[in-house]
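Reading through the structure tokens given below for one structure.
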Amino acid sequence: MSRAWFWLWLALCCGSTHAHKPSDAYLALSVHGAEITAEWQIHLRDLDLVLGLDNNGDGRITWGELQARQPDIADYALGRLQLAAGDLRCPANNPAHLVDQRSDGGYAVLRFNALCPRRVETLQVDYRLLFDLDPQHKGLLKLIHPTGITTHVFSADQPRQPLSLAQPSTWHTLVEYIGEGIWHIGTGYDHLLFLLSLLLPVVLLRTAGDWQGATAWRPVLRDAVTIVTAFTVAHSLTLTLAALGTLSLPSRWVESAIAASVILAALNNLYPLLGERRWLAAFGFGLIHGFGFAGALAEIGLPQSQFLLGLAAFNIGVELGQLSITLALLPVAWWLRHSHWYRRGVLVPGSFAISVLAAVWLVERAFDVALW
Amino acid sequence: MTLPLRLFALLAAVYLGHSQAAPYLPTSADSVVAQLPYRVADPVDRDLLALRRLQANPPSDWPSAARLAQRYLDRARKNGDPRYLSYAEVVLAPWLQRPTPPTAAWLLRASLRQSRHDFAGAVDDLRRVLQQEPRNAQAWLTRATLLQVQADYRGARQSCERLAGLGQALSLTVCLAQVDSLEGRPVAAYRSLQPLLQSVPEHDPQRPWLESVAGEIAERAGQMAQAESHYRRALARDRDDSYTLAALADLLLDQRRPAEVVALLSAATTADALLLRLVLAKARLQQPDYPRLRDELAARYAANQQRGDATHLREEARFALDILQQPAQALRLAERNWQMQREPWDARILAAARAAVAK
């Protein structure tokens, strides 16, 4: 292994004298989740052999001559490369064309993306460029993924190879999915606003028709903890059940219901719709929010071999995010609870604004329209 | 996607490791992006171009196919461009798949395999040729050469002797002289070439080959001055003969005359073998462009390793030993090389690597 690294290290610097090498093409595939970013370098001599690029026959290929044949180049090359995640094809699209100069001459550079139907764990590559015209052609593939880089050689004898992406370490998966969880709660404004709406009045007491700052902190803390815990338990439950495939609900319904829950939570601060036991609402609606998280997690995809680890880590991430926001919010709310501005400025108009926003979301999600 | 992972993927995608320069978008439609290896003014190239268009429609008659394959092989040998070997391979393939292929197809493929250092495969193809045509002088001579590379001197001598009675006096004498020189009788072998060196005219197409072989045998006989003049005479007739250029460069390096090697090879950086000798000379002279050329050669060897190409192990072993000062690596390469070829130079590098490791 060290030998290969030594040669590679030495290979970093090069002059520009032309040399006679056999026919090689360089394919770099960067795999992340279900997306593949690719760059394929093919020697212009080889493409000229196949397609005849030198229009005026002067022994030189100009950029103009190359540009004229770019659609043919893309068709030819992409028609001889098949990428699949397991047995599901990943179609290539968005080809972009550039040029590179290496020590042995000019190369056409083809950049494209491929989107797989699911997260890639074993990349099945079928490479057949040029073998019918040059049996010694080799496709030198460099596979880049978050846990490492591996190189593979495709030849006429071995045109089809399954490449398994290295198993990420437990630690790596843990970190990745906790991060995803934190990200999703941090950018999940509907979830945050729901929680916010329930927590804003925690530091207040509802007296006849009005709000007043609470006096004792223990009941406030207990209240907050109960609400957050109820929410957490509920969404963890449905997130797990949905991720495991035990329960599933149509996503449009789920998203609309989440928006509705935010409306209700916000309006509850104006008119006591949900009663005093807001933690029940937190639990009940939390069940629906859990389906929302599950949908987000399904888009990222969980590795088959570390499924439960990823799921648990994602859940932990959501809780961590939630907890940090709550811990940031509560002391501020407690400190401001007696202020007129909090009761009249933040709570009431704020809740109203939240409910309006959530109403917009509800309409957008239920009817699949964009209002702004 | 979390930002750190996204960044990693982006950086990883940028660091391709393959590229020596970054891909770019040319600004003008007239900027040249590639030079093709044929010159329109050259009649041979034009012929090749016309023949190459037949790639799409391979020749349906054997004589045209044979001519095209031979042209490709000649071109490959002349400028060391391995792509031409592949093109020849493609032309020959359908003919070799027939139930009774033309005999010349086997001969051409033997020549192709020899160029690829597939010596065992080439000998096998020659066996088929000789089964059909036991009087094919080209086949016997090629077989003798291949067996010499594999150090089967008895078999090589037998192949040489089959040239007798085929009207190939020159080839017979040279063939036997080569085997003699390898079996420990180089002085006698060199003497046996003298009549030929005197009788064969200067303009004879086989003269350069004769001079080159005479040079090798003279070197084995310890007559360095004679060897050098033979090599130079061969090169005077054919400047691009990379085999003789390499032999002369090695002789000059052994005689500690690196400056002359640089003068000889300074323009010849295409063939890897010649670049090696140039780098060895520049290393001795400590010339300023030595690091750049050394790195370029290392990159070429790395590319060979990457694509699984094992035809230049002797040179790679020399590079590892003399330039990189890596005896263990050199020994590994030399031993692998020894499995495939056993010419005097292969034995020499193996012994040198072993000695260096033992120190």
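Consider region A:36-49. How many of its residues are of a type in the set (S, T, N, Q) and more than 9 Å from chain B (Cβ to nearest Cβ)? Step through it out loud before you land on a result.
Taking region A:36-49 first, the residues of a type in the set (S, T, N, Q) are A:37, A:41.
Checking which are more than 9 Å from chain B (Cβ to nearest Cβ) leaves us with none.
Number of matching residues: 0.
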Go through region B:64-84 and give me each residue that's of a type outside the set (Asp, Glu), under 17 Å from A:HIS137 (Cβ atoms) and facing chain A (nearest Cβ under 7 Å).
B:PRO82, B:ARG83
Residue under evaluation A:ALA353, criteria (1) in a helix (DSSP H, G or I); (2) touching a Leu at 6+ places or on another chain (Cβ under 9 Å); (3) not hydroxyl-bearing (Ser, Thr, Tyr), criterion not met
(2)
How many of the residues making up region A:315-339 are of a type in the set (Phe, Trp, Tyr) and surrounded by fewer than 16 Cβ atoms within 10 Å (Cβ to Cβ)?
1
Would you mind stating whether B:GLN339 is modelled with pLDDT under 95, closer than 26 Å to A:PRO22 by Cα and surrounded by fewer than 17 Cβ atoms within 10 Å (Cβ to Cβ)?
yes
Given the conditions (1) farther than 30 Å from A:ARG45 by Cβ; (2) within 10 Å of chain B (Cβ to nearest Cβ); (3) crowded, with 16+ Cβ neighbours inside 10 Å; (4) touching a Pro at 6+ places or on another chain (Cβ under 9 Å), and given that A:THR147 satisfies all but one, which numbered condition is not satisfied?
(3)
Suppose we filter B:ALA299, B:ALA347, B:ALA334, B:ALA351 for residues that are surrounded by 20 or more Cβ atoms within 10 Å (Cβ to Cβ) and more than 10 Å from chain A (Cβ to nearest Cβ); which single one remains?
B:ALA334
Looking for something at pLDDT below 90, in contact with an Asp or Glu (Cβ under 9 Å, 6 or more places away or on another chain), under 20 Å from B:ALA353 (Cβ atoms) and buried (at least 18 other Cβ atoms within 10 Å of the Cβ) - is there at least one such residue anywhere in region B:312-326?
yes
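Name the one entry in B:LEU36, B:LEU5, B:LEU54 that is under 30 Å from A:ALA96 (Cα atoms) and at pLDDT below 65. Full working, then the answer.
Working: B:LEU36 fails: at pLDDT below 65; B:LEU54 fails: under 30 Å from A:ALA96 (Cα atoms).
Result of the check over B:LEU36, B:LEU5, B:LEU54: B:LEU5.
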Test for A:THR232: is it assigned to a helix (DSSP H, G or I), within 14 Å of chain B (Cβ to nearest Cβ) and of a type in the set (Val, Ile, Thr):
no
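For region A:272-284, indicate whether the set of residues that are over 26 Å from the mean Cα position of the chain (by Cα), outside any helix (DSSP H, G or I), basic (Lys, Arg) and buried (at least 16 other Cβ atoms within 10 Å of the Cβ) is non-empty.
So far as region A:272-284 goes, no, none of its residues is over 26 Å from the mean Cα position of the chain (by Cα), outside any helix (DSSP H, G or I), basic (Lys, Arg) and buried (at least 16 other Cβ atoms within 10 Å of the Cβ).
Would you tally the residues in region B:175-210 being in a loop (DSSP other than H, G, I, E, B) and either of a type in the set (A, V, I, L, M) or surrounded by fewer than 13 Cβ atoms within 10 Å (Cβ to Cβ) (or both)? Can you show your working first?
Just the residues of region B:175-210 that are in a loop (DSSP other than H, G, I, E, B), to begin with: B:183-185, B:200-206.
Still in the running and either of a type in the set (A, V, I, L, M) or surrounded by fewer than 13 Cβ atoms within 10 Å (Cβ to Cβ) (or both): B:184, B:200-203, B:205.
Qualifying residue count for the region: 6.
Look at A:ALA296 and say whether it is modelled with pLDDT under 85 and either surrounded by fewer than 21 Cβ atoms within 10 Å (Cβ to Cβ) or over 26 Å from A:PHE352 (Cβ atoms) (or both). Walk me through it before giving the result.
Numbers: modelled with pLDDT under 85: yes; either surrounded by fewer than 21 Cβ atoms within 10 Å (Cβ to Cβ) or over 26 Å from A:PHE352 (Cβ atoms) (or both): yes.
So A:ALA296 fits the description; yes.
If we scan region A:254-269, do we find a residue that is over 18 Å from A:HIS289 (Cβ atoms) and not small (Gly, Ala, Ser)? Write out each step before concluding.
The first filter runs over region A:254-269 and keeps only residues over 18 Å from A:HIS289 (Cβ atoms), leaving A:269.
From what is left, the residues that are not small (Gly, Ala, Ser) are A:269.
Checked against the condition, which is being over 18 Å from A:HIS289 (Cβ atoms) and not small (Gly, Ala, Ser), region A:254-269 yields at least one hit.
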Do we find a residue being among the charged types (D, E, K, R), within 25 Å of the chain's Cα centre (by Cα) and at pLDDT 85 or above anywhere in region A:348-366?
yes
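Residue by residue, here is whether (1) under 27 Å from B:ALA88 (Cα atoms); (2) modelled with pLDDT under 90; (3) not hydrophobic (A, V, I, L, M, F, W, C) holds:
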| site | (1), (2), (3) |
| --- | --- |
| A:LEU27 | yes, no, no |
| A:TRP40 | yes, no, no |
| A:THR62 | no, no, yes |
| A:ASP75 | yes, no, yes |
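Answer with yes or no whether B:ARG292 is under 24 Å from B:ARG239 (Cα atoms) and either more than 12 Å from chain A (Cβ to nearest Cβ) or assigned to a helix (DSSP H, G or I) (or both).
Values: under 24 Å from B:ARG239 (Cα atoms): no; either more than 12 Å from chain A (Cβ to nearest Cβ) or assigned to a helix (DSSP H, G or I) (or both): yes.
For B:ARG292, the condition - under 24 Å from B:ARG239 (Cα atoms) and either more than 12 Å from chain A (Cβ to nearest Cβ) or assigned to a helix (DSSP H, G or I) (or both) - is not met.
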All but one of (1) touching a Lys or Arg at 6+ places or on another chain (Cβ under 7 Å); (2) away from chain A (no Cβ under 14 Å); (3) under 26 Å from B:PRO82 (Cα atoms) hold for B:LEU253; which doesn't?
(3)
Provide a single number: the residues in region A:96-138 that are in a loop (DSSP other than H, G, I, E, B) and either within 13 Å of chain B (Cβ to nearest Cβ) or in contact with a helix residue (DSSP H, G or I) (Cβ under 8 Å, 6 or more places away or on another chain) (or both).
14
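When residues of region B:95-118 are filtered for being part of a helix (DSSP H, G or I) and surrounded by fewer than 21 Cβ atoms within 10 Å (Cβ to Cβ), how many remain? Step through it out loud before you land on a result.
First, the residues of region B:95-118 that are part of a helix (DSSP H, G or I): B:95-96, B:103-115.
Retained after the next criterion (residues that are surrounded by fewer than 21 Cβ atoms within 10 Å (Cβ to Cβ)): B:95-96, B:103, B:115.
Residues in region B:95-118 being part of a helix (DSSP H, G or I) and surrounded by fewer than 21 Cβ atoms within 10 Å (Cβ to Cβ): 4 in total.
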Condition set part of a helix (DSSP H, G or I) and surrounded by fewer than 20 Cβ atoms within 10 Å (Cβ to Cβ), scope region A:237-256, selection nearest to the chain's Cα centre (by Cα): answer is A:SER251
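Within the bounds of region A:256-277, is there any residue that is farther than 20 Å from A:ILE227 by Cβ, in contact with a helix residue (DSSP H, G or I) (Cβ under 9 Å, 6 or more places away or on another chain), hydroxyl-bearing (Ser, Thr, Tyr) and modelled with pLDDT of 85 or more? Show your work before the answer.
Here is the first cut: in region A:256-277, the ones farther than 20 Å from A:ILE227 by Cβ are A:256.
Checking which are in contact with a helix residue (DSSP H, G or I) (Cβ under 9 Å, 6 or more places away or on another chain) leaves us with A:256.
This time we only want the ones that are hydroxyl-bearing (Ser, Thr, Tyr), so: A:256.
Checking which are modelled with pLDDT of 85 or more leaves us with A:256.
Within region A:256-277 (the criterion being farther than 20 Å from A:ILE227 by Cβ, in contact with a helix residue (DSSP H, G or I) (Cβ under 9 Å, 6 or more places away or on another chain), hydroxyl-bearing (Ser, Thr, Tyr) and modelled with pLDDT of 85 or more), the answer is yes, since at least one residue qualifies.
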If you take the residues in region A:60-99 that are within 14 Å of B:PRO26 (Cα to Cα) and either within 31 Å of the chain's Cα centre (by Cα) or β-branched (Val, Ile, Thr) (or both), which one is surrounded by the most Cβ atoms within 10 Å (Cβ to Cβ)?
A:ILE61
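Go through region B:127-152 and report how many residues are outside any helix (DSSP H, G or I) and among the hydrophobic types (A, V, I, L, M, F, W, C). Reasoning before the result, please.
Keep residues of region B:127-152 that are outside any helix (DSSP H, G or I), which gives B:133-136, B:150-152.
If we keep only those that are among the hydrophobic types (A, V, I, L, M, F, W, C) as well, we get B:151.
Residues flagged as outside any helix (DSSP H, G or I) and among the hydrophobic types (A, V, I, L, M, F, W, C) within region B:127-152 amount to 1.
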Count - residues of region A:50-72 that are out of contact with any His (no Cβ under 8 Å at 6 or more places or on another chain) and more than 7 Å from chain B (Cβ to nearest Cβ):
11
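The values are calculated or read from the model by the stated rules, or taken from the named source; none is laboratory data. Everything numeric here is computed off the predicted structure, so don't read it as measured data. Glycine gets a Cβ as well: all are built from the backbone with ideal geometry, and neighbour counts include every protein chain shown.
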